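Structure first, commentary second.
The values are calculated or read from the model by the stated rules, or taken from the named source; none is laboratory data. Bear in mind that the values here come from a model prediction, so they are computed numbers and not experimental data. Glycine gets a Cβ as well: all are built from the backbone with ideal geometry, and neighbour counts include every protein chain shown. The area values use the complete protein model at the heavy-atom level, side chains included, leaving out ligands, DNA and RNA. Shrake-Rupley method; radii C 1.70, N 1.55, O 1.52, S 1.80 Å.
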Amino acid sequence: MADRVTVIGWDGSPLTAAARSALGAATLVAGAAHHLALPEVPARAERIRLGSVDLAARRIAGHRGTAVVLADGDPGFFGVVRTLRAPEHGLEVEVVPAVSSVAAAFARAGMPWDDARVVVAQQRTLRRAVNVCRAHPKVAVLTSPGAGPAELALLLEGVHRTFVICEELGTDREQVTVLTSDKAADHAWRDPNVVLVIGGSSAGGWLMGHDTPAVRGWALPDEETDGRRTGQDPTLRAAQLARLGPRVGDLVWDIGCAEGAFSVEAARFGAAVIAVDTDPEACARTEAAARRAGVQLQAVHGRAPHVLERLPEPDVVRIGGGGVAVVTACTDRRPERIVAHAATRDEAEAIGAALADGGYEVECALLQTVGLDPADWTERARSVVFLLAGRRTDPTRDRVAPAAG
């Protein structure tokens, strides 16, 4: 095992005295090509081109001597430190950090970033990174080959964003480009790059990267949602949200969004939301409700199931109407979970059969709620509905892997 392992972050500025000292004593140096070309790397040291960090860690673990790993930005922020410290390698590391590429990108843009989300985009996690960009007004994307600015722009089709693309930060070839997302797919971008995806303003707050809802609670009564009757019973909405569990990185379809109560609630959980309705006024009201709630979503006017063909892949789906045809169209897209409701037992049986035929484990419950006036305990409203929830029987989800910070 290496006697000493030092991880040095590099942001293009001159190396610190601690970094130069560690490099001067190194008998093995791992890094990208531009790191290994630094004049401070000893000529006598063994050099490892850093492609697979896991492979390099195994080489370092078997090395007798002093090892240095060079990485761009802050190696402890979505960087190599996590892999090097994995238990299977048994390495104890010292870290000499530098300014992270995310901090440098926001500095180049002259913007604060305490209110930003930071995501890693790789080919297998690109869709989830895009969903975060759909749902939040300020996102920094650490890209990779095949999951860069052009790919982000293509998957964001229909959603307007401003891209700040920072190529090769800290080098002589550094370039910062500002353009709208619909133009980004027309260019070839140099690696490495960081993309700042801006879709609105945020007041910031006390918790980094997190938008604290202005209103406490969820499954709120209609008057707390947008001041009008939505036709969506809050108790049913609560049960639907509980079954779906929308979260950051998810894309939610809300089919039959009506006044937008469910769409807004799902967005408040941090998910990206596409709200669909045949009524253009319902789409407009949903967008207005989202603005009042301070969340981002996309409203699409059209009739399901046909309009669903051009939408990006969902993670979870709420079906507010359309019957078996819409349920079947949704099961064909293989979201992890689907919820629907029915007014009659026959309708519930048909929807449940469609979910089961589509490869979903089905749960059905009869929900009855009675709203009471606490002044005299008289009945104000009554709702009786069948809730159907389908869970895909072969759940698989993308997993985020570390990348350079």
- Item | Distant-in-sequence amide H partners of A219 (H built 1.01 Å from N, under 5 Å) | none
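With viscosity set to 1.002 mPa s and temperature to 20 °C, compute the Stokes-Einstein D of the stretch 81-157, Rh being the Kirkwood radius across alpha carbon pairs; µm²/s, no decimals. Walk me through the intermediate numbers first.
Working: Rh = 14.4 Å.
It diffuses with D of about 149 µm²/s by this estimate.
What stretch of the chain, leaving out the sites themselves, is the longest with no GluC sites (Glu not before Pro) in a DSSP loop having at most 15 other Cβ atoms within 10 Å?
Values: sites that count: E88, E92, E157, E174.
For GluC sites (Glu not before Pro) (loop position, at most 15 other Cβ atoms within 10 Å), the longest site-free span of the chain is 175-405.
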- Query: Given 0.36 nm per residue, what is the gain on full extension from D54 to A32 after removing their alpha carbon distance, in nm?
  - Reply: 6.5 nm
- Query: Want the number for E349 to T369: 0.36 nm per residue separation, take away the alpha-carbon distance, what's left?
  - Reply: 5.1 nm
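So what's the chain giving for Cα Rg divided by 2.2 N^0.38 Å, two decimals? Please list the in-between numbers first.
Values: Rg = 25.4 Å, N = 405, 2.2 N^0.38 = 21.5 Å.
For the chain, the normalised Cα radius of gyration comes out at 1.18.
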- Around A203, with a cut-off of 12 angstrom between Cβ atoms, what is the net charge of the other residues, counting Lys and Arg +1 and Asp and Glu -1? -2
- Helix-only [θ] at 222 nm, the chain, -39500 (n - 2.57) per DSSP H run of 4+, per residue, nearest 500, equals -7500 deg cm²/dmol
- Message: Two decimals, Cα atoms only, Kirkwood Rh: what is Rg/Rh over the stretch 278-329?
- Response: 0.98
- Within the chain, which is the longest segment containing none of the chymotrypsin sites (Phe, Trp or Tyr not before Pro) that sit in a DSSP loop and have at most 10 other Cβ atoms within 10 Å? 1-205
- Note on the structure: The long-range amide H neighbours of F77, using H built 1.01 Å from N in the peptide plane and a cut-off of under 5 Å, are G405
- Contour minus Cα-Cα span, S201 to A61, at 0.36 nm per residue, comes to 45.7 nm
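Cα-Cα pairs above 17 Å in the stretch 152-261: how many percent? Write down the numbers at each step before the final one.
Numbers: 4205 of 5995 pairs.
Of the Cα pairs, 70 percent sit more than 17 Å apart.
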- Query: In units of 2.2 N^0.38 Å, what is the alpha-carbon radius of gyration of the stretch 18-128?
  - Reply: 1.18
- Note on the structure: the chain: antiparallel bridges as % of DSSP beta bridges, rounded to 5, reads 50 percent
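Ratio of alpha-carbon Rg to the 2.2 N^0.38 Å globular estimate for the stretch 290-405, to two decimals, please. Numbers along the way, then the final one.
Details: Rg = 18.1 Å, N = 116, 2.2 N^0.38 = 13.4 Å.
Rounded to two decimals, the normalised Rg is 1.35.
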- Enumerate by residue number the trypsin sites (Lys or Arg not before Pro) in the stretch 1-93 meeting two conditions: DSSP loop (anything except H, G, I, E, B), and at most 13 other Cβ atoms within 10 Å of the site's Cβ. R44, R64
- For R334, what accessible area in Å² do you get when you roll a 1.4 Å probe over the heavy atoms of the protein chains, rounding to the nearest 10? 80 Å²
- Item | Interchain or long-range residues, amide H under 5 Å from V118's placed H | A140
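Tell me the volume per residue, in Å³, of the convex hull enclosing the alpha carbons of the stretch 211-310. Intermediate values should be presented prior to the final figure.
Working: hull volume 9.3 nm³, N = 100.
Hull volume over Cα atoms, normalised by residue count, gives 93 Å³.
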